[in-house]
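K.L.:
The structure that follows is given in the form of structure tokens.
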Amino acid sequence: MDIKAYISSGILEQYVLGKLSPQEEAEVAQKAEQHPEIRQELDAIEMALEEYALLHGKMPPPGVLSAILQRLHAEQQLPGQAPTRRRRLLSYAAGLLLVVAVAGLLAFYQKTRQQEGVIAGLNQQMEAVRQSCDSVQLVAQQLENILDFVRQPATRAIAMESTGLSPDAIATVFYNPETQRSLIGVGQLPTPASDKQYQLWAITGAGPVSMGVFELAAGGQPLQEVSFVSDAQAFAVTLENRGGSPAPTLDQMYVLGNNS
């Protein structure tokens with residue numbers, strides 16, 4: 001028998017990796033018992049594979065791992081057999097399989113969590129769009145209600161013009177005695193200080209009556225609801241301390257208009 005040719009044939013590596021049939025494995029084991037050179041070469045191959053696995057932490061080629069697990073199981077069934085380097089190598093391969101499997105599960109879990117994060121982000125965006133649509137729909141409904149009020153035959157539009165404090169000042173009161181509702185639309189008024197606020201007045205036979213304070217910008221609404229006062233003969237706007245005043249400050253009257 002040419003021992004060198006037998007060793008260089010590659011059959012010993014296949015034996016260590018569990019790729020031989022039971023009959024072929026028995027033949028290799030028998031030759032290893034008979035020839036110390038073969039036994040020594042087997043030990044060297046097993047040691048080299050073990051050191052490579054420990055250093056690189058890599059799995060053997062496809063199909064090898066399943067064969068290793070089968071061989072490990074078969075050898076574990078043999079009673080009284082002392083541990084060998086080959087069995088240790090097989091045990092290490094089985095442990096490595098477990099690590100790879102766990103790593104795969106972790107990767108899948110992380111990918112799933114990422115997908116869930118994307119879905120959650122899309123849901124948040126959809127909710128923001130829905131809320132925006134609801135807000136736009138609400139504003140549109142309010143504008144439609146205002147337009148319906150302005151178009152009513154009993155609604156009067158009383159233009160209040162500048163008194164001279166601010167030449168460009170102008171505002172309009174929409175006044176409806178039938179529905180007893182009134183709104184004010186600010187055309188142009190100077191921006192007041194933070195502690196000041198504009199106040200609308202109805203001028204009646206009994207004197208000025210407050211219709212309430214208002215802001216220049218009210219959430220994008222062109223008209224703002226104010227209190228209704230019966231038998232108003234005229235309307236005026238004054239600048240008062242924030243919160244309003246029980247009586248108008250006449251030298252701070254910006255606009256004035258007759259209800260005629």
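K.L.:
With the requirement that a residue be surrounded by fewer than 16 Cβ atoms within 10 Å (Cβ to Cβ) and of a type in the set (Gly, Ala, Ser), what does the stretch 1-48 give you?
P.N.:
Answer for the stretch 1-48, where residues must be surrounded by fewer than 16 Cβ atoms within 10 Å (Cβ to Cβ) and of a type in the set (Gly, Ala, Ser): Ala5, Ser8, Ser9, Gly10, Ser21, Ala26, Ala29, Ala44, Ala48.
K.L.:
I need the full set of residues from the stretch 211-232 which are of a type in the set (A, V, I, L, M) and either in a strand (DSSP E or B) or within 39 Å of the chain's Cα centre (by Cα) (or both), in order please.
P.N.:
Pass one, the stretch 211-232, residues of a type in the set (A, V, I, L, M): 211, 213, 216-218, 223, 226, 229, 232.
Passing the criteria: Met211, Val213, Leu216, Ala217, Ala218, Leu223, Val226.
K.L.:
Glu240 is checked against (1) under 26 Å from Arg151 (Cβ atoms); (2) part of a strand (DSSP E or B) and fails just one. What number does that condition carry?
P.N.:
(1)
K.L.:
I'm trying to understand the selection: among the residues of the stretch 242-260, which are loosely packed, with under 11 Cβ neighbours inside 10 Å and in contact (Cβ under 8 Å) with a residue 40 or more places away in the chain? Lay out the reasoning, then the answer.
P.N.:
Start the filter on the stretch 242-260 by keeping residues that are loosely packed, with under 11 Cβ neighbours inside 10 Å, which leaves 243, 246, 250-251, 260.
The answer is Gly243, and nothing else.
K.L.:
Kindly indicate whether Pro208 is in a loop (DSSP other than H, G, I, E, B) and either more than 21 Å from Ala157 (Cβ to Cβ) or over 51 Å from the mean Cα position of the chain (by Cα) (or both).
P.N.:
Working: in a loop (DSSP other than H, G, I, E, B): no; either more than 21 Å from Ala157 (Cβ to Cβ) or over 51 Å from the mean Cα position of the chain (by Cα) (or both): yes.
Judged against the criteria, Pro208 is not a match.
K.L.:
Does Thr249 meet the test of being more than 50 Å from the chain's Cα centre (by Cα) and either assigned by TED's automatic domain parsing to the domain that holds Ala169 or over 20 Å from Ala157 (Cα atoms) (or both)?
P.N.:
On the way: more than 50 Å from the chain's Cα centre (by Cα): yes; either assigned by TED's automatic domain parsing to the domain that holds Ala169 or over 20 Å from Ala157 (Cα atoms) (or both): yes.
Spelling it out, Thr249 is indeed more than 50 Å from the chain's Cα centre (by Cα) and either assigned by TED's automatic domain parsing to the domain that holds Ala169 or over 20 Å from Ala157 (Cα atoms) (or both).
K.L.:
I need the full set of residues from the stretch 243-260 which are small (Gly, Ala, Ser) and not in a strand (DSSP E or B), in order please. Show your work before the answer.
P.N.:
Let us first name the residues in the stretch 243-260 that are small (Gly, Ala, Ser), namely 243-245, 247, 257, 260.
Once the filter is applied, which keeps residues that are small (Gly, Ala, Ser) and not in a strand (DSSP E or B), the stretch 243-260 yields Gly243, Gly244, Ser245, Ala247, Ser260.
K.L.:
Quick check on Thr172: is it under 46 Å from the mean Cα position of the chain (by Cα) and either surrounded by 12 or more Cβ atoms within 10 Å (Cβ to Cβ) or at pLDDT 95 or above (or both)? Don't jump to the end; show me each part of the working.
P.N.:
Working: under 46 Å from the mean Cα position of the chain (by Cα): yes; either surrounded by 12 or more Cβ atoms within 10 Å (Cβ to Cβ) or at pLDDT 95 or above (or both): yes.
In short, yes.
The values are calculated or read from the model by the stated rules, or taken from the named source; none is laboratory data. Everything quoted here is computed from the prediction, not taken from an experiment. Cβ: placed from backbone, ideal geometry, glycine included. Neighbour counts: every protein chain shown.
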